[in-house]
Structure formats: structure tokens, C-alpha cells
Amino acid sequence: MNTSGNTILITGGASGIGLALAKEFLARKNSVIICDLKEERIASVKKDFPEIAILPCNINSSEERQELLSTVQKNHPEINVLINNAGIVFWHNFLSPEPELQERTFLEINTNLLAPIELTRLFLPLLLKQERAAMVNITSGLALMPLAAEPVYCAAKAGLHSFSQSMRYQLKDTPVRVFEVLSSWVDTDMARNVNTPKMKVERVVAETFQGLEKDIEEIRIGQIDLLFWMNRLAPRWMFKRLNDHTPPHQG
């Protein structure tokens with residue numbers, strides 16, 4: 001993938017990995033559009049980086065997804081890269097469920113799986129019009145090996161991993177490339193309550209760009225490549241080791 005000269009839409013682009021990707025794409029002379037649920041965050045991004053186009057959007061709303069498409073189609077018809085980055089995670093114990101279990105479950109599934117699928121459906125006709133285009137789905141190493149404390153998040157990311165593989169095959173004879181980025185926990189607000197070691201977001205961005213430039217369709221960052229192969233060789237042992245050695249989350 002050419003990492004310069006693109007018009008890129010990044011969901012959840014006002015913080016964390018999304019913002020870090022936006023900054024790097026901007027530095028590489030791309031036109032960058034970010035959408036985010038939190039308007040104060042995108043306003044702050046616009047203040048610091050006036051070149052970035054900002055669009056408030058709740059990607060879990062079908063109406064707002066359609067409005068996002070209409071706005072981008074009108075103002076940025078040359079869009080050729082969609083990055084499904086927005087995500088959310090909760091920790092659940094179904095044996096003693098919290099009162100918000102149902103609400104949080106729906107939110108995790110919608111944000112991490114259904115919204116990226118729907119945005120793909122909506123934006124694919126625009127991407128197919130371009131000479132070269134790409135979709136980049138930000139998933140997780142937990143798409144390959146679930147953590148029992150995060151059952152819904154892991155299920156959603158596994159679904160997005162599977163969806164990425166299917167779309168890659170469906171689009172193999174088109175100008176649209178499908179990339180997936182899998183990492184372990186990253187030092188962002190989303191992982192603030194996680195008690196395991198976290199990667200710096202700068203490393204995630206650097207390895208993501210290395211993978212994109214080499215046209216690596218499944219970019220496994222840090223220890224995720226080892227996790228991938230261990231899951232192939234000894235899945236039961238790996239699952240037990242991962243879950244037995246992960247400390248409880250805070251909060």
C-alpha cells in the first residue's frame with residue numbers, strides 16, 4: 001500500500017491509536033478525515049491539527065452512519081482508505097453480572113463488529129471507484145485467542161477478524177486491498193484499567209506502517225505473531241496459560 005497521497009477516513013480518530021495513525025498519515029502528505037463520538041475531542045484535534053477534517057459521528061447509529069457517508073461523499077469523493085479503528089471494551093463475569101450487562105454487551109458488539117461491517121457496506125462503492133483503495137480493520141490479538149474476562153470484546157474482534165478474511169477474498173480482483181492490524185494491549189485510555197504490560201502507541205503505529213508499506217495483509221504486532229503460531233500448535237495449552245497468567249483488571 002502506498003502510504004502517501006491518499007484520502008483517509010479513520011473512525012475513533014480523536015484519541016489513542018486512531019489519533020496516532022491520523023498524525024502519521026498527515027505527516028506523510030495524506031488528506032485525513034476523522035470521526036468520533038466525543039465532539040470535544042475532535043474539536044481539540046482540529047485546534048492542534050487544522051489540516052485534519054473532523055466529523056462528529058456515533059458509528060452505532062444507522063442514521064449517523066448514513067449521514068457520515070453523505071458528508072464524505074459530498075466533500076471528499078476521492079476517499080480511497082477506510083480505517084475501522086473505533087472500539088470499546090468491558091470486563092464481564094456472567095456468573096455475577098453487573099446490572100448494565102445487556103446494555104454493555106450490545107454496545108461492544110455494535111461498536112467492534114456491526115458498525116465496521118455496516119461502514120464497509122456503505123463506503124465500499126466509493127472505494128471501488130478509485131484506482132487504488134484499502135480498508136484497514138484494527139482488531140486485536142484477542143481475536144485469535146480469547147481472554148475469558150472479556151468474552152464479548154473477544155467475540156466481536158474474532159468476528160471482525162473473520163470478516164476481514166472474507167472481504168479480502170471477495171475483493172481480491174478489485175482495486176481494494178483489505179488489511180488487518182492485530183496487537184496486544186496498547187497504552188491508551190481504552191486500556192487504562194488493564195493490569196498487563198502495554199505497548200507504546202508509537203510502536204503500534206510504526207509497525208502498522210511497516211506492514212502496510214510491505215503489503216502485509218495481516219499485520220501482527222509485537223508478540224502477536226508468536227501467539228498466532230502457538231495457537232496453531234497448542235491451542236488448549238495457550239488458552240489456559242493466557243487466562244491463568246492474566247491478573248484481574250482494575251474497576
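The values are calculated or read from the model by the stated rules, or taken from the named source; none is laboratory data. Computed from a predicted structure; not experimentally measured. A quick note on method: Cβ atoms are made from the backbone with ideal geometry, for glycine too, and the neighbour counts reach across all protein chains shown.
Go through the range 65-85 and count every residue that is part of a helix (DSSP H, G or I) and in contact (Cβ under 8 Å) with a residue 60 or more places away in the chain.
Number of matching residues: 1.
For residues that are in a loop (DSSP other than H, G, I, E, B) and touching a strand residue (DSSP E or B) at 6+ places or on another chain (Cβ under 6 Å), scanning just the range 38-64, find the one that is nearest to Phe106 (Cα to Cα).
Going through the qualifying residues, I end up with Ile59.
Filter the range 1-37 down to residues that are assigned to a loop (DSSP other than H, G, I, E, B) and among the hydrophobic types (A, V, I, L, M, F, W, C) and give me whichever is nearest to the chain's Cα centre (by Cα).
The qualifying residue nearest to the chain's Cα centre (by Cα) is Ala14.
Would you confirm whether any residue within the range 199-206 is modelled with pLDDT under 95, part of a strand (DSSP E or B) and either more than 25 Å from Asn110 (Cα to Cα) or over 15 Å from the mean Cα position of the chain (by Cα) (or both)?
Scanning the range 199-206 turns up at least one residue that is modelled with pLDDT under 95, part of a strand (DSSP E or B) and either more than 25 Å from Asn110 (Cα to Cα) or over 15 Å from the mean Cα position of the chain (by Cα) (or both).
Looking at (1) within 15 Å of the chain's Cα centre (by Cα); (2) in contact (Cβ under 8 Å) with a residue 24 or more places away in the chain; (3) crowded, with 19+ Cβ neighbours inside 10 Å; (4) within 30 Å of Ala234 (Cα to Cα), which is the only condition Cys154 fails?
Of everything listed in (1) within 15 Å of the chain's Cα centre (by Cα); (2) in contact (Cβ under 8 Å) with a residue 24 or more places away in the chain; (3) crowded, with 19+ Cβ neighbours inside 10 Å; (4) within 30 Å of Ala234 (Cα to Cα), Cys154 misses just condition (2).
Please specify each residue of the range 124-150 satisfying the condition of being farther than 22 Å from Gln66 by Cβ and part of a loop (DSSP other than H, G, I, E, B).
Glu131, Arg132, Thr139, Ser140, Leu144, Met145, Pro146, Leu147, Ala148, Ala149, Glu150
Filter the range 54-110 for residues that are small (Gly, Ala, Ser) and surrounded by fewer than 19 Cβ atoms within 10 Å (Cβ to Cβ); which is farthest from Lys157 (Cα to Cα)?
If we take residues in the range 54-110 being small (Gly, Ala, Ser) and surrounded by fewer than 19 Cβ atoms within 10 Å (Cβ to Cβ), then Ser70 is farthest from Lys157 (Cα to Cα).
Considering (1) surrounded by 14 or more Cβ atoms within 10 Å (Cβ to Cβ); (2) at pLDDT 95 or above; (3) among the charged types (D, E, K, R); (4) more than 18 Å from Asn2 (Cβ to Cβ), say which one Asp187 fails and leave the rest.
Result: Asp187 fails condition (2) only.
Go through (1) more than 12 Å from Ala86 (Cα to Cα); (2) crowded, with 18+ Cβ neighbours inside 10 Å and name the single condition Arg121 misses.
Single failed check for Arg121: (2).
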